[in-house]
Amino acid sequence: MSAPVKPVNLMAYQMVLYSRALHPELFPLRTRRVVRGDGFELEAWAMDGGHMLRFERHSLCACEVLYDREDRMPEEGVVTNFLVVGDRDFDHRFEREKVNYMTTVQSETLSENLYLATLEEMLAHSRSTAPLLHLWNDGVGRCLSMIDIQVEKREVHAQCYHLIANGGAVIRTQTIFEHRPK
């Protein structure tokens, strides 16, 4: 008989914004995508239940990380960090590079039936939008990390969804990086 799987703890999940690059070896990356816009680049990395967005424009390199790290994250270059329990909005201006960062984070725990319906809805959505998609099994059931990216002339939007079967956890983020003309 195997030991029961401990339900996911949303209190372990945090969102961190850095004003510097982070090395990919710090994270168990599963898949990635790079998109470019008017003078900027966004690289998206999906992990089991988490993501990293790396935005570059001129001298700015900013990284958003959502991850359930039990060990310590790098401290150098942290602009903000917060737990992803409930709903949260955060805005930051990188004045020197004239870049605005905006994010909204929502998390919830669903019943098994609602979780499975949400997972099927997200899989159906992925067939029409071709997002960055990572599927895995956490020992309890099917899980999903999905990053849907839209590039505009002066901004990029990234909607990230993380569904973790163990505990029925759903984490949604919507992030916008926009640059203003100089």
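Read the figures in this text as sums done on the coordinates, not as results from a lab. No experiment lies behind these values; they were computed from the predicted model shown. Here the Cβ positions follow ideal geometry from the backbone for every residue, glycine too, while neighbour counts run over all protein chains shown.
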- Message: What is the sum of charges, Lys and Arg at +1 and Asp and Glu at -1, for the other residues whose Cβ falls under 9 Å from the Cβ of GLY168?
- Response: -2
- Message: Given points 7 Å out from each Cα along the Cα-Cβ axis, report the LEU110 to LYS153 separation in nanometres with one decimal.
- Response: 3.7 nm
- Helix 112-129 versus the longest principal axis of the chain: what is the Cα-based angle in degrees, 0 to 90, to the nearest 10? 40 degrees
- Using just the helices of the chain, give the 222 nm mean residue ellipticity in deg cm²/dmol: DSSP H runs with n ≥ 4 each add -39,500 (n - 2.57), and the total is spread over all residues, rounded to 500. -3500 deg cm²/dmol
- Message: Using the Karplus curve 6.51 cos²θ - 1.76 cosθ + 1.60 with θ = phi - 60°, what ³J(HN,Hα) values do you get for each residue of the range 43-54, in whole Hz, with x for Gly and Pro?
- Response: 10, 10, 10, 9, 10, 5, x, x, 7, 9, 10, 10
- Query: Taking Cα pairs under 8 Å and at least six residues apart, what relative contact order does the range 52-145 come out at, in percent?
  - Reply: 15 percent
- So for the chain, taking the charge dipole from beta-carbon charges (+1 Lys/Arg, -1 Asp/Glu), which of GLY37, LEU53, VAL65 sits furthest toward the positive end? GLY37
- Which whole-Hz ³J(HN,Hα) couplings does the range 34-40 yield from phi under the Karplus relation 6.51 cos²θ - 1.76 cosθ + 1.60, θ = phi - 60°, glycine and proline marked x? 10, 10, 10, x, 6, x, 9
- Give the calculated FRET efficiency between VAL78 and HIS125 to the nearest 0.05, with a Förster radius of 30 Å applied to their Cβ-Cβ distance. 0.40
- Task: Using only alpha carbon pairs under 8 Å that are at least six residues apart, calculate the relative contact order of the chain and give it in whole percent.
- Result: 24 percent
